[in-house]
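See below for the structure under consideration.
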Amino acid sequence: MASADGESRRSTAAQYFADEEEDGTENRVVSLLNEAMLGNDKVKSDNIRKVQEIAIHMSPNLLDNFLDEILAFQRDPCADVRKAIVGFIEEVSKHEPEVLPRLTSALMALLRDESVQVIKRAVQAASQVYKATLMWISKSKTVSETLEKTWQEVVQIRNFISDMVDHDNDGVRTQSVKFLEIVVLLQTYTDADSVRKANDFSLDDVPMALKVAKRRRLEDEAVATLEHIIKFHGSAHISSVNLMACMGTLTLIAKMRPQYMAKVIIAFETLHTNLPPTLSKSQVSSVRKHLKLQLLNLLKHPAAFEMLSNITTLLMDLGATQNEIAKNSPKPEEVRKRQKKLEAQQPPAKKPKLDTPEAGTSDVSRPTLSSSDLDRLEFFIADRLGVDLAAQLIMQAMKFLPEKMPNTFSSTYTPIAAAGTHGQIKHVARLMATQIASAGFGPDCTRASAALTSVFNKKLLEDDDDDDDIILPMQIEPSKPIEAPTPVPAPTKITKIPKIKTMKLAEITKPMSSKVRNKMVQMAVVRILKADNSAVLGGAMITRCKILTSLASQFPSEVRGEIYSYVLENVSERCDLALQWLYEEYSYMQGFNRSSSLLRKQYAEAPEENYNKLLCGIINTLISNENPVKDHDTLMWRIYLESPTITDDAVEILKAQCGSEENASSSIALLEHLVTKRPPKQLLFLNCLLLYTAHENNLIRSRALSAVYELYEKGVQCKVIEDYAIFYLGFLRLPNPPEVIFGEDRGRENTKDWNENCVKACLYLYLSLLPLNESMIHELAKIYVQTVADVKRTILRLLEQPIRGMGMESPQLLKLVEECPKGAETLVTRVIHILTEKSPPSTELVNRVRDLYHSRVSDVRFLIPVLNGLTKKEVIGALPKLISLNPVVVKEVFNRLLGTHSEGSSYTSPLTPAELLIALHNIDTSKADMKTIMKATSFCFGEQQAYTQEVLAVVMQSLMEQSPLPTLFMRTVIQSFALYPRLIGFIMNILQRLIQKQVWKQKKVWEGFVKCCQRAMPQSFQVLLQLPAPQLEDVFTICPDMKMPLLEHVQSFTENQRAHVPSTVMEVLTGKVVL
């Protein structure tokens, strides 16, 4: 009892976990489908495959719940997703045939898809669906309405795919043939010799009592389908891919359904004699090899015994050796067993009575006739195909043979090893019967009867009125036993063909004089030239051009001149003829022409001269100003780009055109294309292009530089371009400019001394390439050291644009700063100035300049470009040297420190304006004289944008707190008051504090104090009254003009106010002792 309770508890628990697992799987499927609906195409495809694995293999009970949701993806815009749905349908049909009624409509929709890839995949899946449906209805015990409807839909799919053998796509046609192969195998009976496979299904497995799909109807449909495949196999428009697929299909059907072996062999024979005319030479070879492999494959099959002779003969025609045939043929004992088996199954039929053949007739034994038209026609021909008839047929066919053996025939022909044998005669008769049948003749056709009767009567029967002995195909009745035809008697008389006397031209003609002959030739050429419209209407334009170019190249100068004038008369419309003529001349020049060299030597000069004269004549006509040619630039491009070769004279003409401002743009662009399109003369064209990079004319030079720049960017002859640029750069080392940069082709006159234009001519190409190849900057530094002063100045002026193009982060520029060659300091300084003119210096640049300054170059000017990158201490330490430089340089220093040179918001300075002015006051006079310091402070006051009254107040406050006071302190106070009078209150406060600091102890500062008080009157009177009497008296000594205003100011006081004025001060003011 306890045990039973335990089992019950375990079963309940197991059921609980199973239900929980199923719920988890269902949730997983729901999650995957939701992700597929919202995800991209790849997510959709992957999730559909995952759901397929779960719903079919892991949890089949979920398939019914989610089938409609999965099939809904068949309308997805992505082809890969729709292909995944096709795969899903295929897998479901294999494992769950009960849901087939819900799949057929979806499959039909996918067969009508827009994507070829989806259609091919759907046809593949249809093979499995068709098989699964046939197996399902065969195993069904009852026939329901759903089952009948499903079968009808599957039959519609079959018929739809059957029509797809005419589809536009090769792959779809191939898959359709494979589908029809499955249909034939499923709807036919197997045989004792059938090749069987695992899980095979055939008509034997269909129940006899099945009403939905009756056996007889299925078999008839299979036979019709096989005929459909054979018809497609023999069509004239079939492609090589489809043809080889059909051959493979027919071979497989013959092996698995041996009862159709004869039909397949006949189809192969028909193909061998009637290959599709659309196949190329290589495709014909491939098809023949494939046909040979299929026949060798069939030869091994036991059921091929009856067709052994046909297969062997066909293989020998295809080039198979006796060893290959023997290796694949069945063993002799198997043949004997097969023969005995056939004899046992079919008792020998009564032989028809045959007449004894007469002498001279064919000794070919008469094979047993079949009921087919082709077999009867074959019998008819074989019975009459004797040696004499064969010889006469060959003689009659000789006149239709071409003079030269076609390449296709020579490549596919194989010697006939069994010529004259009984089997070979039967094979030839079979081939002839196939050809006659394909031409529309047949044994039941009056046209065939009349035609064959006429042929054989003419060839074999001369003056024979006994036509009753000849059995024509139309006289053979399929329903009656066929008797052997009466043999045709040998021809008794051969009519002798009379000889025809050959006409000799020399006997009826006489030679013409050379003058008349040349005149007639010239007139004939003129007629050909005038017949251009007739040639166009008659479709003979190509032939006319060929004739004209051949005449122009081979005939005398008179003919050549006529054609030459005709071409140049309208070059724009006769450019094609001109180019063909050039190619003809080139062929003679290279010895490619097949005409005799004697004909050429008879008339003309050297072939190279003729070609060059023609090419240059065409080009000169195009560029002539006398008779302007429409679209001459386009025609020039055609001539130069399409001519077989460009001569040196033609290059010189183009070179001259590049030097003309009017034609420079088009000609230089053409030169650029020639560099890339004409590799044999690439260097020649490139040299012409490089020549104009130093031209004086700005338009010509800029266009040439642009073309070379584009070539360099593409990587075309970069080393040559670099060497050329450095070569010209090296001219700057010479004491005088070289003659190579002067002349008409350079656009400048010769001068003896260097000037700016000469220096620029040597630098144009180099500076344009510098941003592309920054390592070239080091070459400039080496050459700069060796140049004269005028050249150096020009180089420094021209550097700005290329250096900006390189940028501050350039590793090569940083390397140049770090390794600054001796003598190139000014160059490096100029480079750094350009880099930092509009943007602050980078940390790497500052570090390299700092190292160079401390180790090698002690000139403080070297630091100016990177001042904003130095520390406050470094700038203050360098200030004495900086302010001692040229005023222009000092202005630049202050511009950089104050940021007045920078237009952007990226300005940074190690010193604020206040700190800079304070640092100037604190400079030791031993390092810089006072006058220099005063000029520097004056420059600061000139920058009112930086030195506002607030900034100056901060400066004065800071200086006031120093002890001792800076010498220029009071000068700064006076200048601040003069610049901003509103600072009077702040300045009075300063002056009062100075009294507390006993300012009179510093002479220079005291003098400034007095001057400040003088300028600040009357506001400064209160300050003066606070001075001790001796110092006030000293003030009056320094500035006597202040005494009376101050006295008047005191006298304006009230008695109480005067009481606060010290008596000593009053004594100084009045000069009297006050009691």
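Structural remarks
- Close pairs from region 786-799: first in contact (Cβ under 8 Å) with a residue 40 or more places away in the chain, partner open to solvent by 60 Å² or more (accessible area, probe 1.4 Å) and part of a loop (DSSP other than H, G, I, E, B), Cβ under 8 Å, at least 6 apart: V788/P735
- Reported count of residues in region 92-136, each being β-branched (V, I, T) and closer than 17 Å to L185 by Cα, is 3.
- Pairing residues of region 228-242 that are open to solvent by less than 20 Å² (accessible area, probe 1.4 Å) with residues that are not in a loop (DSSP other than H, G, I, E, B), at Cβ distances under 6 Å and at least 6 apart in sequence or on separate chains, gives I229/L180; F232/V165; H233/C246; H233/A267; S240/Q283; S240/V287; N242/R173; N242/T174.
- Enumerated helices (runs of 4 or more DSSP H) restricted to region 531-646, each holding at least 3 residues that are at pLDDT 80 or above and open to solvent by 60 Å² or more (accessible area, probe 1.4 Å): 541-554, 557-569, 575-590, 607-623, 632-642
- Positions within region 310-333 being more than 16 Å from T270 (Cα to Cα), open to solvent by less than 70 Å² (accessible area, probe 1.4 Å) and in contact (Cβ under 8 Å) with a residue 60 or more places away in the chain, in sequence order: G319
- L291 fulfils the conditions (1) open to solvent by 10 Å² or more (accessible area, probe 1.4 Å); (2) of a type in the set (A, V, I, L, M); (3) in contact (Cβ under 8 Å) with a residue 40 or more places away in the chain except for a single criterion, (1).
- Residue tally, condition open to solvent by less than 80 Å² (accessible area, probe 1.4 Å) and free of Cβ contacts under 8 Å to residues at least 40 places away in the same chain, over region 996-1017: 13
- The residue pairs whose first member lies in region 46-61 and is free of Cβ contacts under 8 Å to residues at least 60 places away in the same chain and of a type in the set (D, E, K, R), whose second member is open to solvent by less than 80 Å² (accessible area, probe 1.4 Å) and part of a helix (DSSP H, G or I), and whose beta carbons are closer than 7 Å, counting only pairs six or more residues apart or on different chains, are R49/A84; K50/L32.
- Listed by first and then second residue, the pairs linking a residue in region 761-781 that is farther than 15 Å from C718 by Cβ to a residue that is among the aromatic types (F, W, Y), with Cβ atoms under 6 Å apart and 6 or more places separating them unless they lie on different chains, are C762/Y728; C762/F731.
- Every pair of residues 6+ apart whose Cβ atoms lie under 6 Å, when the first sits in region 115-131 and is closer than 19 Å to F73 by Cβ while the second is surrounded by 21 or more Cβ atoms within 10 Å (Cβ to Cβ) and among the basic types (K, R): V118/R82; V118/K83; R121/K83
- Where a residue in region 1024-1036 is without any contact (Cβ under 8 Å) to a residue 24 or more places away in the chain and its partner, wherever it lies, is crowded, with 16+ Cβ neighbours inside 10 Å, with Cβ under 7 Å and at least six apart: L1024/C1013; L1024/L1032; L1024/V1035; L1024/L1046
- Scan of region 715-741 for residues that are of a type in the set (D, E, K, R), surrounded by 14 or more Cβ atoms within 10 Å (Cβ to Cβ) and either touching a Phe, Trp or Tyr at 6+ places or on another chain (Cβ under 6 Å) or under 16 Å from S768 (Cβ atoms) (or both), ordered by number: E722
- Within region 214-227, residues that are closer than 17 Å to F179 by Cα have Cβ atoms under 9 Å from residues that are among the small types (G, A, S) and assigned to a helix (DSSP H, G or I) in these pairs: T225/S162, counting only partners at least 6 apart in sequence or on another chain.
- Tally of residues being open to solvent by less than 40 Å² (accessible area, probe 1.4 Å) and part of a helix (DSSP H, G or I) across region 965-976: 6
- Cβ-Cβ distances below 6 Å connect the following pairs, each with a first residue in region 931-959 that is over 12 Å from L916 (Cα atoms), a second residue that is among the polar types (S, T, N, Q) and open to solvent by 20 Å² or more (accessible area, probe 1.4 Å), and a separation of six or more residues or different chains: T932/S884.
- Residue within region 706-713 that is aromatic (F, W, Y), at pLDDT 85 or above and under 36 Å from the mean Cα position of the chain (by Cα) present: yes
- Any hit, region 839-846, residues being of a type in the set (S, T, Y), in a helix (DSSP H, G or I) and either under 28 Å from E756 (Cα atoms) or without any contact (Cβ under 8 Å) to a residue 24 or more places away in the chain (or both): no
Yes/no matrix, rows are residues, columns are (1) surrounded by 20 or more Cβ atoms within 10 Å (Cβ to Cβ); (2) modelled with pLDDT of 85 or more; (3) at negative phi; (4) not in a loop (DSSP other than H, G, I, E, B):
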{"residue": "E903", "(1), (2), (3), (4)": "no, no, yes, no"}
{"residue": "P910", "(1), (2), (3), (4)": "no, no, yes, no"}
{"residue": "A919", "(1), (2), (3), (4)": "no, yes, yes, yes"}
{"residue": "K935", "(1), (2), (3), (4)": "no, yes, yes, yes"}
{"residue": "C940", "(1), (2), (3), (4)": "yes, yes, yes, yes"}
{"residue": "V955", "(1), (2), (3), (4)": "yes, yes, yes, yes"}
{"residue": "S963", "(1), (2), (3), (4)": "no, no, yes, no"}
{"residue": "F986", "(1), (2), (3), (4)": "no, yes, yes, yes"}
{"residue": "L994", "(1), (2), (3), (4)": "yes, yes, yes, yes"}
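- Residue match in region 744-755 (condition: buried (at least 17 other Cβ atoms within 10 Å of the Cβ), within 44 Å of the chain's Cα centre (by Cα) and of a type in the set (A, V, I, L, M, F, W, C)): no
Every residue, every condition in (1) touching a strand residue (DSSP E or B) at 6+ places or on another chain (Cβ under 8 Å); (2) closer than 22 Å to V954 by Cα; (3) not basic (K, R), yes or no:
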| site | (1), (2), (3) |
| --- | --- |
| P840 | no, no, yes |
| E844 | no, no, yes |
| R850 | no, no, no |
| L870 | no, no, yes |
| L911 | no, yes, yes |
| L917 | no, yes, yes |
| L920 | no, yes, yes |
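- Residue match in region 63-71 (condition: surrounded by fewer than 18 Cβ atoms within 10 Å (Cβ to Cβ) and of a type in the set (S, T, N, Q)): yes
- Contact map, region 252-271: first residue over 13 Å from A303 (Cβ atoms), second residue open to solvent by 40 Å² or more (accessible area, probe 1.4 Å) and not in a helix (DSSP H, G or I), Cβ cut-off under 6 Å, separation 6 or more or different chains; pairs are T270/G234.
- Screening K881 with (1) closer than 21 Å to T948 by Cβ; (2) open to solvent by 40 Å² or more (accessible area, probe 1.4 Å); (3) of a type in the set (K, R) gives one miss only, at (1).
- Residue match in region 695-702 (condition: outside any loop (DSSP other than H, G, I, E, B), aliphatic (A, V, I, L, M) and under 19 Å from S665 (Cβ atoms)): yes
- Boolean, Y709 is under 22 Å from D790 (Cβ atoms), touching a Leu at 6+ places or on another chain (Cβ under 8 Å) and hydroxyl-bearing (S, T, Y): no
- When S138, S115, S127 are checked against the criterion of being among the hydroxyl-bearing types (S, T, Y), in contact with a helix residue (DSSP H, G or I) (Cβ under 9 Å, 6 or more places away or on another chain) and buried (at least 18 other Cβ atoms within 10 Å of the Cβ), S127 stands alone in meeting it.
- Condition broken by V223, with the remaining ones in (1) open to solvent by 20 Å² or more (accessible area, probe 1.4 Å); (2) of a type outside the set (K, R); (3) closer than 26 Å to M316 by Cβ satisfied: (3)
The values are calculated or read from the model by the stated rules, or taken from the named source; none is laboratory data. Predicted, not measured: the structure shown is a model, and the values here were computed from it. In this analysis, Cβ positions are derived from the backbone assuming ideal geometry, glycine residues included, and neighbour counts consider all displayed protein chains. Note: areas computed on protein heavy atoms with side chains; ligands, DNA, RNA excluded. Shrake-Rupley method; radii C 1.70, N 1.55, O 1.52, S 1.80 Å.
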